[in-house]
Ligand SMILES: Cc1cc2nc3c(=O)[nH]c(=O)nc-3n(C[C@H](O)[C@H](O)[C@H](O)COP(=O)(O)O)c2cc1C
């Protein structure tokens with residue numbers, strides 16, 4: 001075959017593929033021409049443009065529920081967190097008959113604002129409907145989980161599995177944007193699936209004009225077993241700026257996540273790497289005052305234990321009818337440590353089944369202290 005004929009055939013084949021939309025780089029268009037920031041714009045104006053960094057609360061399933069978030073708001077606001085995330089909620093579940101029970105995970109109080117609902121799904125239609133529902137419920141924003149390594153979620157093609165299929169990921173983002181209409185849609189993800197591949201993966205998300213991107217600085221394979229790769233954050237920040245522009249000019253707001261120990265630690269990490277802020281997860285366990293003005297002043301033991309009782313009562317009041325009391329026991333491990341008798345008290349609390357029993361045990365312990 002002559003070279004020209006071969007070239008002509010190749011061109012025809014390429015045109016055909018392009019016509020049917022199957023070309024290699026075919027993705028979807030974002031709904032908005034530039035990132036839709038919504039409530040984030042206020043944080044940009046009042047904090048970021050004044051050189052301050054953001055500290056937001058991470059979504060943590062069976063941890064940052066309405067009871068714990070209310071405690072965090074009470075003991076940390078108005079200083080922080082700048083934004084709270086709900087636990088992740090299945091968009092597919094919200095479109096199923098089990099919807100009403102799941103909707104309870106989306107309850108929140110005014111004190112928690114600004115608050116973002118985190119959703120996961122690999123089905124664009126469900127994502128669109130669930131995003132519309134979250135808007136109706138009054139959320140300030142929606143976040144899509146594209147980093148969760150949980151097997152049951154990955155099997156559904158959601159969470160971290162999105163990193164293996166960026167075209168579908170883009171469709172899911174677009175669907176959320178359509179459902180969310182005028183509230184912002186952000187994404188939380190990792191550095192890659194089996195290996196560090198943020199240079200290939202993150203641009204695919206950024207093409208969708210997301211106003212906020214949170215990067216947990218580990219791969220899916222690393223789970224939480226290694227230290228977060230904060231050494232890569234400067235490069236991630238550079239990439240985000242190159243692709244979307246400076247934040248002052250409408251660029252994507254980048255939040256770093258992984259092993260941040262306190263608001264002060266987060267500020268140092270953000271300032272030294274060029275991300276706009278940090279998302280804090282596990283450091284909040286047992287310290288709902290973490291984001292507060294006096295967060296570095298140690299609470300007395302008695303104060304800490306009284307907060308534990310208050311948290312337990314709130315859990316029972318808000319979620320007692322649908323959640324297992326065992327969920328509270330994770331918190332007890334965090335509240336009760338580092339003092340004489342902590343181990344025995346913890347063991348006592350593990351035997352309890354309700355707030356009355358918890359209060360009795362704690363009060364007995366406090367009486368002995370005095
Ligand atoms: C108990 C637990 C539950 C979590 N649930 C979620 C979740 O629902 N959605 C999500 O995006 N990440 C979830 N994560 C990940 C955290 O949001 C965060 O990315 C991770 O813990 C790293 O941050 P850290 O070192 O500050 O904890 C969870 C982590 C933990 C420990």
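The values are calculated or read from the model by the stated rules, or taken from the named source; none is laboratory data. Nothing here was measured: the structure is a model prediction, and the numbers come from that model. Reconstructed Cβ throughout: ideal geometry from the backbone, glycine too, with neighbour counts over all protein chains shown.
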Could you run through region 117-137 and say how many residues are away from the ligand (no atom under 15 Å from the Cβ) and out of contact with any helix residue (DSSP H, G or I) (no Cβ under 9 Å at 6 or more places or on another chain)? 1
Take region 207-224 and flag every residue that is within 19 Å of the chain's Cα centre (by Cα) and farther than 15 Å from residue 196 by Cα. 208, 209, 210, 211, 212, 213, 214
Please state which one of 285, 315, 365, 291 is within 24 Å of the chain's Cα centre (by Cα), surrounded by 15 or more Cβ atoms within 10 Å (Cβ to Cβ), in contact (Cβ under 8 Å) with a residue 12 or more places away in the chain and more than 30 Å from residue 48 (Cα to Cα). 315
Taking into account only those residues within region 249-282 that are away from the ligand (no atom under 15 Å from the Cβ) and closer than 21 Å to residue 41 by Cα, which is surrounded by the fewest Cβ atoms within 10 Å (Cβ to Cβ)? 249
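Yes/no matrix, rows are residues, columns are (1) touching a strand residue (DSSP E or B) at 6+ places or on another chain (Cβ under 9 Å); (2) assigned to a strand (DSSP E or B); (3) modelled with pLDDT of 95 or more:
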site	(1), (2), (3)
163	yes, no, yes
170	no, no, yes
176	yes, no, yes
195	yes, no, yes
200	yes, no, yes
216	yes, yes, yes
234	no, no, yes
242	no, no, yes
Would you mind listing the helices (runs of 4 or more DSSP H) fully within region 1-116 where at least 2 residues are in contact with a helix residue (DSSP H, G or I) (Cβ under 9 Å, 6 or more places away or on another chain) and either modelled with pLDDT under 90 or within 19 Å of residue 130 (Cβ to Cβ) (or both)? 91-94, 99-103
Checked against (1) under 16 Å from the mean Cα position of the chain (by Cα); (2) surrounded by 15 or more Cβ atoms within 10 Å (Cβ to Cβ), residue 232 satisfies every condition except (1)
Pick out the one residue from 202, 305 that is away from the ligand (no atom under 13 Å from the Cβ), surrounded by 19 or more Cβ atoms within 10 Å (Cβ to Cβ) and not assigned by TED's automatic domain parsing to the domain that holds residue 64. 305
Hey, residue 328 at pLDDT 95 or above and within 28 Å of the chain's Cα centre (by Cα) or not: yes
Quick check on region 334-341. Is at least one of its residues under 26 Å from residue 78 (Cβ atoms) and either touching a helix residue (DSSP H, G or I) at 6+ places or on another chain (Cβ under 6 Å) or assigned to a helix (DSSP H, G or I) (or both)? yes
Residue pairs within 6 Å by beta carbon, gap of at least six or interchain, first lying in region 298-312 and touching a residue at least 60 places away in the same chain (Cβ under 8 Å), second crowded, with 18+ Cβ neighbours inside 10 Å and part of a helix (DSSP H, G or I), listed first then second, are 305/362; 311/71
Answer with yes or no whether residue 224 is at pLDDT 95 or above, surrounded by fewer than 16 Cβ atoms within 10 Å (Cβ to Cβ) and in contact with a helix residue (DSSP H, G or I) (Cβ under 9 Å, 6 or more places away or on another chain). no
Is it the case that some residue within region 146-154 is touching a residue at least 40 places away in the same chain (Cβ under 8 Å), buried (at least 22 other Cβ atoms within 10 Å of the Cβ) and part of a strand (DSSP E or B)? yes
Is there a residue being within 30 Å of residue 155 (Cα to Cα) and surrounded by fewer than 21 Cβ atoms within 10 Å (Cβ to Cβ) anywhere in region 40-59? no
Looking at (1) touching a residue at least 60 places away in the same chain (Cβ under 8 Å); (2) within 16 Å of the ligand (Cβ to nearest atom); (3) in contact with a helix residue (DSSP H, G or I) (Cβ under 9 Å, 6 or more places away or on another chain), which is the only condition residue 188 fails? (3)
